[in-house]
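Structure, as structure tokens:
The values are calculated or read from the model by the stated rules, or taken from the named source; none is laboratory data. Please read all numbers here as calculations on a predicted model, not as lab measurements. Cβ: placed from backbone, ideal geometry, glycine included. Neighbour counts: every protein chain shown. What goes into the accessible areas is simple: the full protein's heavy atoms, side chains included, and nothing from ligands, DNA or RNA. Shrake-Rupley method; radii C 1.70, N 1.55, O 1.52, S 1.80 Å.
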Amino acid sequence: MDQIVSLSRRRGFVFPSSEIYGGLGSTYDYGHYGVLLKNNIKARWFEAMILERDDIVALDSAVILHPRVWEASGHVEGFSDPLVDCRTCKLRFRADKLEDSQCGRKPSKHPGETPECDLTEPRQFNLMFETTVGPVQEEGSRAYLRPETAQGIFINFKNVLQIARRRPPFGIAQIGKSFRNEITPGNFLFRVREFEQMEMEFFVPPEDSERWYRYWIDERLNWYLRYGLRQSRLRVREHGPEERSHYSQGTSDLEYMYPIGWSELEGVANRGDFDLTRHTEFSTTKLEYVGPDGERYVPYVIEPAVSVERIIVAMLVDAYDEEVVGERERTVLRFHPQIAPVSAAILPLIAKNDGMVSKARSLYEELRKRQSVEYDDNGAIGRRYRRQDEIGTPWAFTIDEQTLSDETVTVRDRDSLAQERLPIGGVREWLDDALERDWKTPKAD
């Protein structure tokens, strides 16, 4: 994980937030390449969920919802962790995760294992961030930053049902920020207080819920394989009855082998009819499906939910590679080409050669209208190749002396390091075709 964090910082993917003021625990800012990577991940998810299907529609709900939403969902009453404080080291720990925590005085020990530890009794700690609506801070103005995007979908079920003219099975998907006041955030982006969720609620007839639950587990697993994660690093773990929420009809985690071990990447749950029933009860608005023949039922909900941050960590870890090329060590991010922040680099071999620079700039201007490409003339060509390898750029087009005589360029492949020449006028079509080709990571399982 230290290598991933170092590379992310060095190449401008992710920075600690508010760093000049000493930082704010487990909050991060995304640099240029981090933004491009994040946007590509969201775009591929949006394509798979909405653009490639006709049974799911999009939504973008508000971050601050009516406080009663969170009462209905159970978050006000039950969205909490047991918390203990150590009076000696002044640190705070989750009471149910002490075996995973480090003592503030003796990091080789767990809290409570040394005579110096003086732990308080556990008390419940709500994970929602409170805020106020309006100019006066009083009891009636209390609101919350949403801890998940799902509830915004449930309270819009009736709107979508009527306006989008949908009938089960159908889904509603959205991408948006969520906030959780985690007690023990950490492990880089894996657990943070502000994160971006991609959630889809798929509404189905109750008798079909188990079939759709299994369908979405397979569908989401195949999405990760499609975009380059190694099968040996992915697994599905079904929750036992003791792990599931009281309303869950079934929950499975898609787990990835992170540097911290097997951990949840994405969750898929059969939530039953709990959410629509609760919001019907609290709002007195019936959230049900009524068919053309008078059939009436509250749909069950299948929910695949994931944070963009956990996908970013998984893809950085899976793509990271080190190898020796020509007696020099090379660090490379072997991203799927449709995930990589930059699709191609345009490089004049000699930065001070006006002819090469002119043709390189012209090619860059042509390609940037369609793809995320980067022009780079800073430093020796080998150094520029290494720089592009570290940000995961799949291909580099180099304009050299031969280009000036026969209008061809060299294209270098990031993974194989193979080079070939092609007409400069055919680069755009070549790149479009290359991005559509099937891709599999060259890394061994």
### Query
Does residue 69 satisfy being open to solvent by less than 40 Å² (accessible area, probe 1.4 Å), touching a helix residue (DSSP H, G or I) at 6+ places or on another chain (Cβ under 6 Å) and at pLDDT 90 or above?
yes
Pairs returned, first residue in segment 393-415 that is free of Cβ contacts under 8 Å to residues at least 60 places away in the same chain, second residue that is open to solvent by less than 10 Å² (accessible area, probe 1.4 Å) and of a type in the set (Lys, Arg), beta-carbon separation under 8 angstrom, 6 or more apart or interchain, are 393/414; 394/414; 395/414; 396/384; 396/414
Within segment 297-310, the count of residues that are surrounded by 19 or more Cβ atoms within 10 Å (Cβ to Cβ) and not in a helix (DSSP H, G or I) comes to 9
Scanning segment 321-336 residue by residue, the ones that are open to solvent by 70 Å² or more (accessible area, probe 1.4 Å) and acidic (Asp, Glu) total 3
So, first residue in a helix (DSSP H, G or I) in segment 352-370, second residue open to solvent by 70 Å² or more (accessible area, probe 1.4 Å) and of a type in the set (D, E, K, R), Cβ within less than 8 Å, six or more apart or across chains; the pairs are 356/401; 366/428; 367/428
When (1) touching a residue at least 40 places away in the same chain (Cβ under 8 Å); (2) open to solvent by 40 Å² or more (accessible area, probe 1.4 Å); (3) under 30 Å from residue 254 (Cα atoms) are applied to residue 349, the one that fails is (3)
Residues in segment 420-430 that are open to solvent by less than 70 Å² (accessible area, probe 1.4 Å) and farther than 15 Å from residue 362 by Cβ total 2
Inset, instruction - For segment 265-283, state whether one or more residues are more than 27 Å from the chain's Cα centre (by Cα), polar (S, T, N, Q) and on the phi > 0 side of the Ramachandran plot. - result: no
Selection over segment 118-154 where residues are in a loop (DSSP other than H, G, I, E, B) and modelled with pLDDT of 90 or more yields a count of 4
Exception for residue 223 within (1) out of contact with any Ser or Thr (no Cβ under 6 Å at 6 or more places or on another chain); (2) open to solvent by less than 20 Å² (accessible area, probe 1.4 Å); (3) within 29 Å of residue 297 (Cβ to Cβ) falls at (3)
Would segment 82-100 turn up any residue that is of a type in the set (S, T, N, Q), touching a residue at least 40 places away in the same chain (Cβ under 8 Å) and at negative phi? no
Only one of (1) open to solvent by less than 60 Å² (accessible area, probe 1.4 Å); (2) farther than 30 Å from residue 271 by Cβ; (3) small (Gly, Ala, Ser) does not apply to residue 22, and that is (1)
With criteria (1) exposed (fewer than 15 other Cβ atoms within 10 Å of the Cβ); (2) in a helix (DSSP H, G or I), residue 403 comes up short on (1)
Taking segment 371-400 and keeping only residues that are touching a helix residue (DSSP H, G or I) at 6+ places or on another chain (Cβ under 9 Å), over 19 Å from residue 435 (Cβ atoms) and not in a strand (DSSP E or B), one is left with 376, 377, 378, 379, 390, 400
Among residues of segment 231-276 being loosely packed, with under 15 Cβ neighbours inside 10 Å and hydroxyl-bearing (Ser, Thr, Tyr), the residue nearest to residue 76 (Cα to Cα) is 245
Checked pairs for segment 373-385, first within 14 Å of residue 399 (Cα to Cα), second of a type in the set (Phe, Trp, Tyr) and not in a loop (DSSP other than H, G, I, E, B), C-beta under 7 Å and 6 or more apart or across chains, list as 375/364
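What are the residues in segment 311-329 that are part of a strand (DSSP E or B), of a type in the set (A, V, I, L, M, F, W, C) and either free of Cβ contacts under 8 Å to residues at least 40 places away in the same chain or touching a Ser or Thr at 6+ places or on another chain (Cβ under 9 Å) (or both), if any? Reasoning before the result, please.
Of all residues in segment 311-329, those part of a strand (DSSP E or B) come to 320-325, 328-329.
Pick out the ones that are also of a type in the set (A, V, I, L, M, F, W, C) and you get 324-325.
Scanning segment 311-329 gives a single hit, 324.
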Among (1) of a type in the set (Val, Ile, Thr); (2) open to solvent by less than 30 Å² (accessible area, probe 1.4 Å); (3) more than 21 Å from residue 9 (Cα to Cα), residue 381 falls short only on (2)
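How many residues does segment 230-272 contain that are in contact with a helix residue (DSSP H, G or I) (Cβ under 7 Å, 6 or more places away or on another chain) and within 19 Å of residue 220 (Cα to Cα)? Before you say what the answer is, go through the steps one by one.
Going residue by residue through segment 230-272, those that are in contact with a helix residue (DSSP H, G or I) (Cβ under 7 Å, 6 or more places away or on another chain) are 230-231, 233-234, 236, 247, 249-250, 252, 254, 256-259, 265-266, 268, 270.
Remaining after also requiring within 19 Å of residue 220 (Cα to Cα): 230-231, 233-234, 236, 249-250, 252, 254, 256-258, 265-266, 268, 270.
Total meeting the criteria: 16.
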Restricting segment 98-112 to residues that are surrounded by fewer than 15 Cβ atoms within 10 Å (Cβ to Cβ) and outside any loop (DSSP other than H, G, I, E, B), the one modelled with the highest pLDDT turns out to be 99
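Please work out if residue 183 is open to solvent by less than 40 Å² (accessible area, probe 1.4 Å), in contact with a strand residue (DSSP E or B) (Cβ under 8 Å, 6 or more places away or on another chain) and not in a loop (DSSP other than H, G, I, E, B).
Numbers: open to solvent by less than 40 Å² (accessible area, probe 1.4 Å): yes; in contact with a strand residue (DSSP E or B) (Cβ under 8 Å, 6 or more places away or on another chain): yes; not in a loop (DSSP other than H, G, I, E, B): no.
When the stated conditions are applied, residue 183 does not pass them.
So in segment 25-61, with the set limited to residues that are aromatic (Phe, Trp, Tyr) and open to solvent by 30 Å² or more (accessible area, probe 1.4 Å), which one is farthest from residue 187 (Cα to Cα)? Walk me through how you get there before you give the answer.
First, the residues of segment 25-61 that are aromatic (Phe, Trp, Tyr): 28, 30, 33, 45-46.
Restricting the remaining residues to those that are open to solvent by 30 Å² or more (accessible area, probe 1.4 Å) gives 28, 30, 33, 46.
On the way: 28: 12, 30: 16, 33: 20, 46: 27 Å.
Step by step, filter segment 25-61, then rank; the result is 46.
Taking segment 224-276 as the region of interest, how many residues are part of a loop (DSSP other than H, G, I, E, B) and in contact (Cβ under 8 Å) with a residue 40 or more places away in the chain? Break it down stepwise before answering.
First, the residues of segment 224-276 that are part of a loop (DSSP other than H, G, I, E, B): 227-230, 239-249, 259-260, 273.
Narrowing the set further to residues that are in contact (Cβ under 8 Å) with a residue 40 or more places away in the chain leaves 227-230, 249, 259-260, 273.
Here the count works out to 8.
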